[in-house]
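Structure record follows, encoded as structure tokens.
Read the figures in this text as sums done on the coordinates, not as results from a lab. A quick note: this is a predicted structure, and the numbers were derived from the prediction, not measured. No Cβ is skipped: glycine too gets one built from the backbone with ideal geometry, and neighbour counts run over all protein chains shown.
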Amino acid sequence: MKVGFVSRFSPEKCGIAIYSDNLTRQLKKSGVDIIRIGTDVSDSDYKVDFRSLNLDKKLKEIVKKESLKLMHFQYIASYFGKYSLNLGFIRALNTEIPSIVTLHEVQYDVSRLRTKILAGIEKHIIRHSDKVIVHTPNQKVFLDKKYRLAPGKTANIFMGLSLNKMHKKRNSNILFFGILNKRKGIEHLIKAADFLSHYKMKIYGNSIDSNYTDFLRRETIRQKNIELNFNWITERKKKSLFEWADVVVLPYTWASYQSAVLHDAFSYGLPVVVTRIGAIWEIVDAFKCGEIVETNEKSIAKGIENVLNNYQFYKNGVREYQKRANWTEVAKEHKKLYYDMVK
């Protein structure tokens, strides 16, 4: 069976590119013939403009040329032209072959105009696709209920983990890692350091908002136990950071997605502290692999203390999630779904 896989791929520097590289690699190992369709800067078999209103025509040409049996799209609104309301992408779902969409964002909160618009786009995508994949059981339940979907329309497949050596607690090292913007709530983690003066903390990430990173630098002037780095981090350096850390903290104030950084932590066997925002806390809750806290410094500090004082308990939760979400298992579930859809 030949499947068209539409996504960003390496060398693009984003979590979905890394996710798609891992998933397609494992699918190929399992015997699925994957045709990778990416952007102009992706290392893919075909390169297309995701934001084009003629995306459907280009994809139909590829479907015909490659005799594809199924199309699988990896979806984030900004990839497909958020300001054109993803019209090209929605039209591209209407192919002669079945289409699957993995929603890497699910809009729980529609209190703002922006999220109302994104939820409207989400509704159209679900309506026009044959199958929708989400990364947590709660997201599946939410979509089924909100849109009154037919049984079997949605599937929960975990995000996927590359398994590294299981971490052993060494000290009390705290890590924040990821792209830096105001929605990451890093200032709350910095303030939590007032209650954690005997710990070491590293905040590493690529800055996309210079005003915000200038603000963070001012916030850390009086903190002696925090190390900041706002540059792009190589994979080698990233590995050393996760090996150094004992707990990963994600103090987000908004997140409609499952976090790639969260899964990086689990890949290294690290428990986490996350805020009860969007969907990032749902796997943590289901598998008991960390603490879920409110978005304030006292709650974050207490969560970190609880994880480090009950380390083996939370590590056991991480290990259970690794059994279910490693790339071998995730690819196996995708392969079964593919074959079920083209019977």
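Quick notes on this one:
- A straight chain from Lys47 to Tyr339 at 0.36 nm per residue would run longer than the Cα-Cα distance by 102.5 nm.
- Across the chain, C-alpha contacts under 8 Å between residues 6 or more apart give a mean separation that, scaled by the residue count, equals a relative contact order of 15 percent.
- Mean projection of the Cα convex hull over all viewing directions, computed for the chain: 16.6 nm².
- Net charge of Cβ neighbours under 15 Å - reference Val41; Lys, Arg +1; Asp, Glu -1: -1
- Part-to-part distance (alpha-carbon centres) for region 312-330 and region 240-310, which is given in Å: 15 Å
- GNM remark for the chain: springs join alpha carbons under 10 Å apart, and the peak mean-square fluctuation among Tyr75, Tyr108, Tyr212 falls on Tyr212.
- Across Pro137, Pro151, Pro98, mean-square fluctuation computed from a Gaussian network of the chain (C-alpha pairs under 10 Å connected) peaks at Pro151.
- Spherically averaged projected area of region 26-154 from its Cα convex hull (nm²): 8.5 nm²
- Under the convention that each Lys and Arg Cβ holds +1 and each Asp and Glu Cβ holds -1, the size of the dipole of region 173-324 around its Cα centre is about 240 debye.
- Part-to-part distance (alpha-carbon centres) for region 61-85 and region 143-159, which is given in Å: 20 Å
- Neighbour count of at most 16 Cβ within 10 Å plus DSSP loop: longest GluC sites (Glu not before Pro)-free window in the chain: 97-293
- Exposure proxy shown here: for Ser7, Ser299, Ser259, the number of other Cβ atoms within 10 Å sets the order, fewest to most, as Ser299, Ser259, Ser7.
- In terms of its alpha-carbon gyration tensor, region 195-279 comes out rounded; the largest-to-smallest axis ratio a/c stays below the 1.5 threshold.
- Residue among Ser111, Ser52, Ser84 with the largest mean-square fluctuation in a Gaussian network model of the chain, springs linking Cα atoms under 10 Å: Ser111
- In nm, spacing of pseudo-spin labels at Gln223 and Lys288 (7 Å Cα→C-beta vector): 3.1 nm
- Region 173-324 - Debye-derived log10 I(q)/I(0), Cα point model, q = 0.11, 0.15, 0.20 Å⁻¹: -0.36, -0.70, -1.32
- Normalised convex hull volume, region 251-336, alpha-carbon set, Å³ per residue: 83 Å³
- Charge dipole of the chain (Cα centre as origin; +1 on each Lys and Arg Cβ, -1 on each Asp and Glu Cβ, all else neutral): 340 debye, rounded to the nearest 20.
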